[in-house]
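Inspection log for the structure reproduced underneath, given as structure tokens.
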């Protein structure tokens with residue numbers, strides 16, 4: 001039966017990992033290479049992630065430097081960043097691409113905080129969905145006679161504790177991202 005508990009632990013950890021990656025892609029006042037994680041470039045007829053085509057560095061706190069491994073891809077990478085609607089303006093600088101991260105005003109900071117909170121709520125909904133699925137599995141096992149009533153209650157309690165812990169972790173991640181966004 002610990003199999004159901006292990007499954008729910010794994011699923012909740014995956015939800016938190018995905019949420020953490022989502023938060024890295026939310027813009028804050030500083031340059032962050034994770035902003036470009038979702039950008040794909042059409043090279044030779046296939047979509048390829050920017051980080052597979054170029055080295056991404058942060059030479060200054062408000063600048064991203066992208067150095068393509070193949071110089072011929074610089075223009076395509078710059079166009080893909082523009083098309084991604086990230087609010088970034090790539091500038092071709094020889095064989096490299098520079099992106100200046102403009103300071104965010106209060107309204108855009110508040111929009112980014114709202115986005116982080118919305119993603120946190122989505123993560124918590126997914127966590128609660130994992131809880132529901134695990135509880136249904138346990139109830140089916142009890143109905144089938146594979147599990148005693150007292151064991152079912154014990155497992156439900158453990159699943160609830162996992163859910164509470166995971167939801168708190170999602171809230172903590174969102175709070176830390178909110179502080180990062182609001183930092184001037």
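Worth pointing out:
- Modelled FRET efficiency - R0 41 Å, residue 182 with residue 144, Cβ distances, 0.05 increments: 0.20
- Against the main long axis of the alpha-carbon atoms of the chain, helix 149-182 sits at an angle near 20°.
- In Å, descending, principal axis extents of the Cα set of the range 33-100: 34, 23, 16
- Calculated [222 nm] ellipticity per residue, helices only, for the chain: -20500 deg cm²/dmol; basis is -39500 (n - 2.57) per DSSP H run with n ≥ 4, divided by all residues, nearest 500.
- Sites residue 165 and residue 114, calculated FRET efficiency, Cβ-Cβ separation with R0 30 Å, nearest 0.05: 0.75
- Relative to the longest principal axis of the Cα atoms of the chain, the long axis of helix 74-83 makes an angle of roughly 60 degrees.
- Paramagnetic reach from residue 52 (point 7 Å along Cα→Cβ, amide N under 17 Å) across the range 17-39: 36-39
- Note on the range 77-116: Cα convex hull, mean projected area over all directions, 3.3 nm².
- Where labels lie 7 Å past Cα in the beta-carbon direction, separation of residue 3 and residue 24 in nm: 3.4
- Relative contact order of the range 39-151, defined on C-alpha pairs under 8 angstrom at six or more residues apart (%): 17
- Using R0 = 45 Å, the C-beta based FRET efficiency linking residue 102 and residue 158 works out to 0.40.
- Using the average count of surrounding beta-carbon atoms within 10 Å as a protection proxy, the listed peptides 139-148, 28-37 rank, highest first, as 28-37, 139-148.
Read-outs: derived from the displayed coordinates by stated rules, not from any lab. Fair warning: this is a prediction, and the values are worked out from it, not measured in the lab. Note: ideal-geometry Cβ built from the backbone for every residue, glycine included; neighbour counts use all protein chains shown.
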